Amino acid sequence: PIAYNRNIVIMSYLRGKELIYIKTLKNPEKIFNKIIKQLKVIYQKGNMIHGDLGEFNIVLDEKGQILIIDWLQWVSKDHPNAVSLLTRDITNICNFFKKKYNVQSNINEILDLFNKK
């Protein structure tokens, strides 16, 4: 965000498409890994979990950059439901990439990565 105050957030215009609307990816495993890496950084350094992550709120821009949007339901990693929300977010991404691009992943291994530096 550019600025925020209570319930108002000012953002810039995002160019790109949500993953759900992208018909093909040249390298889906690379994009998948970029998403997981970005989520890990947000979790470890920002202490945040999206809480409602799916293919509708991940934007891929023309340069191949990943933008995670719609953080309305985010929680701190200290939240009582943090583990289940993180698990759900990762499961949603893994399932999407498996179904659409046949990218194989192990949810438990990914979760273990989030707890390592």
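Only the coordinates and a few stated rules stand behind these numbers; no lab work does. Predicted model, so just to flag it, every value in this text is computed and none were measured. Ideal geometry is used to build each Cβ from the backbone, glycine not excepted, and the neighbour counts take in all protein chains shown.
Some values worked out for this structure:
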{"item": "Meets criteria (in a loop (DSSP other than H, G, I, E, B), without any contact (Cβ under 8 Å) to a residue 60 or more places away in the chain and more than 14 Å from the chain's Cα centre (by Cα)) for ASP52", "result": "no"}
{"item": "Among the residues listed as VAL75, VAL83, the single one being among the aliphatic types (A, V, I, L, M) and out of contact with any strand residue (DSSP E or B) (no Cβ under 6 Å at 6 or more places or on another chain)", "result": "VAL83"}
{"item": "Output for the stretch 67-94, where each listed residue is closer than 30 Å to SER12 by Cα, of a type outside the set (A, V, I, L, M, F, W, C) and not in a loop (DSSP other than H, G, I, E, B)", "result": "SER76, THR87, ARG88, ASP89, THR91, ASN92"}
{"item": "Any hit, the stretch 40-47, residues being touching a Phe, Trp or Tyr at 6+ places or on another chain (Cβ under 9 Å), among the hydroxyl-bearing types (Ser, Thr, Tyr) and buried (at least 16 other Cβ atoms within 10 Å of the Cβ)", "result": "yes"}
{"item": "Candidates ILE36, ILE110, ILE69, filtered to the one that is touching a residue at least 24 places away in the same chain (Cβ under 8 Å), within 11 Å of the chain's Cα centre (by Cα) and surrounded by 16 or more Cβ atoms within 10 Å (Cβ to Cβ)", "result": "ILE36"}
{"item": "Any chance GLY64 is part of a loop (DSSP other than H, G, I, E, B) and either touching a strand residue (DSSP E or B) at 6+ places or on another chain (Cβ under 6 Å) or of a type in the set (Val, Ile, Thr) (or both)", "result": "no"}
